[in-house]
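Heads up: the structure comes next, in structure tokens.
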Amino acid sequence: MLKKCLFPVAGYGTRFLPATKAMPKEMLPLVNKPLVQYGVEEAIEAGLSEIGFVTGRGKRAIEDHFDTNFELEHQISGTGKEKYLDSVRRVIDKASFSYTRQGEMRGLGDAILQGQRLVGDEAFAVVLADDLCLNDGLGVLGQMVELYKQFRCSIVAVEEVPREQIHKFGVIAGNEIKPGLWQVTDMVEKPPAEEAPSNMAIIGRYILTPDIFDLIRETPPGKNGEVQITDALLAQAQRGCVLAYNFKGRRFDCGSVDGFIEATNYVYENVYLPEQAELENK
Ligand code: G1P
């Protein structure tokens, strides 16, 4: 069954400079938790406990975050402050963490290909931590794992977006096989609005079968001169089956400042305050 989840985290986060000059963008806090921890918690909830990061220069803070900080633990041991480490301790207990580097920034497809060293020859999930997905019930990855058990093929998460934003996404077209689930027939990376095959945009959650690695190797650089996972997935769809799933839940684009602020406000009200109230009662 699915156990592994890749997090491509080599990107620079230029939109958040200077905050991201010496700190990975994935470590920017949404209130009191770094963005990447939300993604890792979603993976663990979905039963994916082998977490692999495809990193780059300047990303060491991510490794330190998912590790024990003995000095800090010692300092606050036995004090009322220990409870603030609960969430990350839980994550560290439940998952294992491995790292590999993407030497050159050659696109998301290439980043995923570098992850083959961590994944091997089995199906795996991919989370783009910039896309924060929150849901009252089972998280998006959990929903996709359920679908994978049924269909055993690659699955991408999709969401309807306004036409004027479609050029920022990979876009799918397909045959709806049941409400909210399409068999993909076409996929284009960041098309101009007038060329987009639909307004269903790919969101940063994927389940990929391992034949994707050879397909990525055969994929020439595409949009922006980068190796695109969207192009490799189209090849996979043409040879076999790729599904697109309109997930239940709310997505925030934390790769943009506006989306990040929106997510911060939402998380403060709906996640942070209730969690604090619970902690105070402990
Ligand atoms: C990537 C993918 C794109 C997808 C998007 C979702 O683009 O290439 O297909 O729609 O993530 O966030 P990026 O936003 O990293 O440029």
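Could you tell me how many degrees, from 0 to 90 and to the nearest 10, lie between the Cα long axis of helix 35-45 and the main elongation axis, the longest principal axis, of the Cα atoms of the chain?
Long axis of 35-45 versus the principal axis of the chain: about 80 degrees.
Residue separation times 0.36 nm, minus the C-alpha to C-alpha distance between Asp214 and Leu273: what's the value? Show your work: numbers first, answer last.
Working: separation 59, 0.36 × 59 = 21.24 nm, distance 4.60 nm.
Here the segment from Asp214 to Leu273 would lengthen by 16.6 nm.
Filter the cross-link list Lys4/Lys149; Lys81/Lys248; Lys21/Lys168; Lys178/Lys223 down to pairs whose alpha-carbon distance in this structure exceeds 26 Å. Write down the numbers at each step before the final one.
On the way: Lys4/Lys149 15 Å; Lys81/Lys248 35 Å; Lys21/Lys168 24 Å; Lys178/Lys223 31 Å.
Where the Cα-Cα span goes over 26 Å, the pairs concerned are Lys81/Lys248; Lys178/Lys223.
Please report, in debye to the nearest 20, how large the charge dipole of the stretch 99-251 is about its Cα centre when each Lys and Arg carries +1 at its beta carbon and each Asp and Glu carries -1 there. Numbers along the way, then the final one.
Values: 16 positive and 21 negative charges, 62 e Å.
Here the stretch 99-251 has a charge dipole of around 300 debye.
Above 16 angstrom, tally the Cα pairs of the stretch 30-97 and express them as a % of all pairs, no decimals. List each step's numbers first, then the result.
Working: 1164 of 2278 pairs.
Of all Cα-Cα distances in the stretch 30-97, 51 percent exceed 16 Å.
Helix 257-267 against the longest principal axis of the chain: what's the angle in degrees, Cα atoms only, rounded to the nearest 10?
60 degrees
In the chain, which Cys residues have no partner Cys with a Cβ closer than 4.7 Å?
For the chain, the answer is Cys5, Cys133, Cys254, because their Cβ atoms have no other cysteine Cβ under 4.7 Å.
For the chain, with equal point scatterers placed on the C-alpha atoms only and solvent neglected, what are the log10 I(q)/I(0) values from the Debye formula at q = 0.07, 0.10, 0.12, 0.17 1/Å, to two decimals?
-0.25, -0.52, -0.75, -1.54
Could you calculate, for the stretch 109-210, the ratio of the Cα radius of gyration to the Kirkwood radius, expressed as Rg to Rh? Don't skip to the end; give the middle numbers.
Working: Rg = 14.1 Å, Rh = 14.6 Å.
Result: Rg/Rh = 0.96.
How high is the FRET efficiency from Asp93 to Glu195, r the C-beta distance, R0 51 Å, rounded to 0.05?
Computed FRET efficiency for Asp93 and Glu195 comes out at 0.60.
Find the relative contact order for the stretch 182-275 and round it to a whole percent, using C-alpha pairs within less than 8 Å whose residues are 6+ positions apart. It would help to have the intermediate numbers written out before the result.
Values: 63 pairs, mean separation 29.4, N = 94.
Normalised by residue count, the contact order of the stretch 182-275 is 31 percent.
Could you state the angle between the C-alpha long axis of helix 140-151 and the longest principal axis of the C-alpha atoms of the chain, as a value from 0 to 90 degrees rounded to the nearest 10?
Tilt relative to the chain: about 40 degrees.
Sorted from fewest to most neighbouring beta carbons within 10 Å, what does the list Cys241, Cys254, Cys5, Cys153 look like?
Values: Cys241 14, Cys254 27, Cys5 30, Cys153 20.
So the residues, fewest neighbours to most, are Cys241, Cys153, Cys254, Cys5.
In nm, to one decimal, how far is the modelled label at Met1 from the one at Lys168, with both set 7 Å along Cα→Cβ?
3.6 nm
Of Gly174, Val267, Asn69, which is farthest on the positive side of the dipole of the chain, counting Cα position, with +1 on Lys and Arg Cβ, -1 on Asp and Glu Cβ, and the Cα centre as origin?
Asn69
State the extension gain, in nm to one decimal, for the chain segment bounded by Lys81 and Phe151, taking 0.36 nm per residue of separation less the distance between their alpha-carbons.
Details: separation 70, 0.36 × 70 = 25.20 nm, distance 4.56 nm.
Taking 0.36 nm per residue and subtracting the Cα distance, the gain is 20.6 nm.
Answer with one residue from Gly142, Thr79, Ala157: the one whose Cα lies farthest towards the positive end of the charge dipole of the chain, charges on Cβ with Lys, Arg +1 and Asp, Glu -1.
Thr79
Please give the contour-minus-distance gain from Glu262 to Gln183: 0.36 nm per residue of separation, less the Cα-Cα distance, rounded to one decimal in nm. Walk me through the numbers on the way to the answer.
Details: separation 79, 0.36 × 79 = 28.44 nm, distance 3.22 nm.
Extra length from Glu262 to Gln183 when fully extended: 25.2 nm.
Bear in mind these aren't lab numbers, they're just calculated from the coordinates by the rules spelled out. Everything quoted here is computed from the prediction, not taken from an experiment. Counting neighbours? That spans all protein chains shown, and the Cβs are built from the backbone with ideal geometry, glycine included.
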